[in-house]
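**Q** The structure that follows is given in the form of structure tokens.
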Amino acid sequence: MTYLIDGTDNRNKILKNLMKNNNFNVDTYESNKCLSKTDKLIFAPNKKFDKDFCNSLPNGITIFSGNIPQEVEEIFKQKNISHKNFMQDESFAIQNSHLTAEGILSLLISQQPKSIFAINVLILGGGRVGKTLALLLNKLGIQFDIVTHSQKTFESCVYFSNSVIFGDEFKEKLSQYDVIVNSIPSEILTNEDIEKIKPGCLFLEISSIQTIKKEKLDFVYELCPALPQKFSASSAGKLLFDCFLRLNKD
């Protein structure tokens, strides 16, 4: 059995070395490589699969990656492909959100001209990353609001922040923010909402999709996929290795 690792992600390079050092039979995955049913493919947690790629895979293999859409899941079932999801491992998901929050902080410092203590930040989404970022900013004394559309999430956010906004009430305040961090994978902002955003604002898109598609913008819109591999690849690779060991028990 060979573990074939996609080498396009810096985290996977660390993972490959750790697996080698622990006597796993590993190689770099190449799209034209002939696969056998005993092979196991390992991709980064943010890997996006298209239908053509999925249909080209042999039956019965094992794939490690992050979340996959329903259509990909159905193809995997049809081809008897076992999918090991890093993001369903709670320990990995939580620790990965910490590394993502650190990456966001790095961008707040490097990608906008003000001191981080002079900016007003809006966090869209109260999931793992949103909460972790809010906790980090709160500890540093950085001004922020966090938005959630879930009553349950709202109640949990209140425990560590007194600046929680429920629903769409934040839209009337969009012009007040120097930085907006979006973790909600949905187009929650209309074109009218987008026009309210302060010129020069730094909008960090950390969700899994591009939620703003308007071509001409007066603010900086930056897509931020896979922040852990950019700012903390070594730690992120070690997280992947630990999670791989937990998921690879069969």
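**Q** Please give every one of the aspartates and glutamates within straight-line cross-link reach of Lys77, meaning a C-alpha to C-alpha distance under 20 Å, and leave out same-chain neighbours fewer than 8 residues apart.
**A** The reachable aspartates and glutamates, counting only those whose Cα sits under 20 Å from Lys77, are Asp39, Asp50, Asp52, Asp250.
**Q** How high is the relative contact order of the range 1-41? Use alpha-carbon pairs under 8 Å, at least six apart in sequence, and give a whole percent.
**A** Values: 45 pairs, mean separation 24.0, N = 41.
Worked out over the range 1-41, it gives 58 percent.
**Q** Tell me, Kirkwood radius of the chain from alpha-carbon pair distances, in Å?
**A** Details: mean 1/r = 0.0509 Å⁻¹.
Over the chain, the inverse of the mean reciprocal pair distance is 19.6 Å.
**Q** Separation between the Lys77 and Tyr159 pseudo-spin-labels, each 7 Å from Cα along Cα→Cβ, expressed in nm?
**A** Result: 3.5 nm between the two label points.
**Q** Something else now. Based only on Cα atoms, what Rg/Rh ratio does the range 1-131 have, Rh being taken as Kirkwood's radius?
**A** Working: Rg = 18.1 Å, Rh = 17.0 Å.
Checking Rg against Rh, the ratio lands at 1.07.
**Q** For the modelled label position 7 Å from the Cα of Met87 along Cα-to-Cβ, which residues of the range 209-234 have backbone nitrogen atoms closer than 13 Å?
**A** 209-210, 225-227
**Q** Something else now. For the chain, what is the mean residue ellipticity at 222 nm derived from helices alone (per DSSP H run of n ≥ 4: -39500 (n - 2.57); sum divided by total residues; nearest 500 deg cm²/dmol)? Walk me through the numbers before you get to the answer.
**A** Numbers: 9 runs with 93 residues, N = 250.
Result for the chain: -11000 deg cm²/dmol, rounded to the nearest 500.
**Q** Relative contact order of the range 2-151, please, whole-number percent, based on alpha carbon pairs below 8 angstrom and at least 6 residues apart. Spell out each step's value before the answer.
**A** Details: 202 pairs, mean separation 22.5, N = 150.
About 15 percent, as a whole number.
**Q** If the limit is 28 Å between Cα atoms, which of Lys114/Lys196; Lys48/Lys79; Lys16/Lys131 go over it? Present the calculation step by step, with values, prior to reporting the outcome.
**A** Details: Lys114/Lys196 20 Å; Lys48/Lys79 18 Å; Lys16/Lys131 31 Å.
From Lys114/Lys196; Lys48/Lys79; Lys16/Lys131, over 28 Å: Lys16/Lys131.
**Q** Averaging sequence separations of C-alpha pairs under 8 Å and six or more residues apart, then dividing by the length of the chain, give the relative contact order as a whole percent. Could the numbers behind the result be given before it?
**A** Numbers: 423 pairs, mean separation 46.0, N = 250.
About 18 percent, as a whole number.
**Q** I would also like to ask the following. Report, in debye and to the nearest 20, how large the dipole of the range 200-250 comes out about its Cα centre when Lys and Arg carry +1 and Asp and Glu carry -1 on their Cβ.
**A** That gives a dipole near 120 debye.
**Q** While we're on this one: Have a look at Phe117, Ile165, Phe144 and report the one farthest towards the positive end of the charge dipole of the range 92-176, computed about the Cα centre with Cβ charges (Lys/Arg +1, Asp/Glu -1).
**A** Phe117
**Q** Residues of the chain: accessible area per residue at 1.4 Å, in Å²? Let's see the in-between values first.
**A** Details: 12660 Å² over 250 residues.
Result: 51 Å² per residue.
**Q** Next question, about the same structure. Could you look at the chain and say what percent of its accessible area is carbon and sulfur, using a 1.4 Å probe and all protein chains? Please list the in-between numbers first.
**A** Working: 6000 of 12660 Å².
Its accessible area is 47 percent carbon and sulfur atoms.
**Q** Another one. Computed FRET efficiency, Cβ-Cβ of Gln210 and Ser36, R0 22 Å: what is it to the nearest 0.05?
**A** On the way: r = 37 Å, r/R0 = 1.68.
Computed FRET efficiency for Gln210 and Ser36: 0.05.
**Q** With each label point set 7 Å from Cα along the Cα-Cβ vector, what nm distance links Met1 and Leu136?
**A** For Met1 paired with Leu136, the spin-label model returns 3.5 nm.
**Q** Continuing with this model, one more query. Multiply the residue gap between Gln111 and Ser186 by 0.36 nm, knock off their C-alpha separation, and tell me the result in nm, one decimal place.
**A** On the way: separation 75, 0.36 × 75 = 27.00 nm, distance 2.40 nm.
Gain on stretching Gln111 to Ser186: 24.6 nm.
**Q** Please compute the Kirkwood hydrodynamic radius over the range 159-222, one decimal place, Å, based on all pairs of different Cα atoms. The partial results should precede the final answer.
**A** Numbers: mean 1/r = 0.0802 Å⁻¹.
Here the Kirkwood hydrodynamic radius works out to 12.5 Å.
**Q** With label points built 7 Å along Cα→Cβ from the Cα atoms of Lys173 and Asp218, find their separation and express it in nm.
**A** In this crude label model, Lys173 to Asp218 measures out at 2.1 nm.
**Q** Counting only Cα, what are the radius of gyration and maximum Cα-Cα distance Dmax of the range 86-230, in Å?
**A** 14.2, 40
**Q** Keeping every protein chain in place, order Ser56, Ser183 by accessible area at 1.4 Å, biggest value first, i.e. largest first. Before the final figure, lay out each step's value.
**A** On the way: Ser56 80, Ser183 35 Å².
Descending order: Ser56, Ser183.
The values are calculated or read from the model by the stated rules, or taken from the named source; none is laboratory data. Just so we're clear, the structure is a prediction, and the values are computed from it rather than from any experiment. Cβ: placed from backbone, ideal geometry, glycine included. Neighbour counts: every protein chain shown. Remember, those area values only see protein heavy atoms, side chains included, never the ligands or the DNA or RNA. Shrake-Rupley method; radii C 1.70, N 1.55, O 1.52, S 1.80 Å.
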